[in-house]
Every structure is written in C-alpha cells, then in structure tokens.
Amino acid sequence: MDSITVGIVIAVAGLVFVLMNQAAWNWVKWIGWAVGNLVIGSIMLFLFNLVAESFSFEIPINPVTVTVTGFLGFPGLATLVIIKQFIL
C-alpha cells in the first residue's frame with residue numbers, strides 16, 4: 001500500500017469514528033453548558049455584591065445561590081434578593 005492510500009484510509013476511518021460517536025460526546029456538551037452557567041452565575045453574584053456593597057446588602061456566594069443565579073439568570077437573582085430582603 002502506498003502511504004497516500006494509508007493516509008486516506010486513516011482519514012476515512014477517523015471520520016466514520018467521529019460520526020458514529022457523535023452521541024458519545026453529548027454528555028460533554030451538557031457538562032460544558034452546566035459549568036458555563038455556574039461561571040455566569042458566579043460572575044453575576046460578584047458584580048451584584050460589588051454594587052450592593054454600598055447599600056450594606058450582600059448575597060453570599062455559595063453553591064446554592066450560584067446555581068439559582070446561573071440557571072435562572074436575572075429572575076433567579078431577583079428571587080434571591082426578595083428572599084434575603086423580606087423572608088430572612
């Protein structure tokens with residue numbers, strides 16, 4: 001076999017492998033999405049605490065608040081503010 005033929009066979013086999021295993025990478029996408037949301041939630045809480053510090057108001061940054069803020073976004077942050085202000 002020629003080296004070009006071997007290269008073509010390896011490339012085609014690699015392409016078939018990637019296409020067949022596309023579903024195997026689905027969990028990696030979900031984990032990446034979840035971690036991205038948690039990072040965004042952390043940043044949102046940090047920036048909120050930076051601004052709210054002048055009003056002597058703070059929402060603790062812990063796994064629960066980061067998860068709520070990360071997955072729900074601004075409505076989650078508003079909910080945490082309401083809970084902190086009126087319930088606690």
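The values are calculated or read from the model by the stated rules, or taken from the named source; none is laboratory data. Just so it is clear, the model here is predicted, and its values are computed rather than measured. Positions of Cβ are generated from backbone atoms using ideal geometry, with glycine treated the same way; all protein chains shown enter the neighbour counts. Accessible surface areas use protein heavy atoms only, side chains included; no ligands, DNA or RNA. Shrake-Rupley method; radii C 1.70, N 1.55, O 1.52, S 1.80 Å.
Of the residues PHE57, PHE48, the single one that is open to solvent by less than 70 Å² (accessible area, probe 1.4 Å), out of contact with any strand residue (DSSP E or B) (no Cβ under 9 Å at 6 or more places or on another chain) and farther than 24 Å from TRP33 by Cα is PHE57. If I ask for residues that are part of a helix (DSSP H, G or I) and polar (S, T, N, Q), which ones from the range 57-88 would you list? Matches in the range 57-88: THR65, THR67, THR69, THR79, GLN85.
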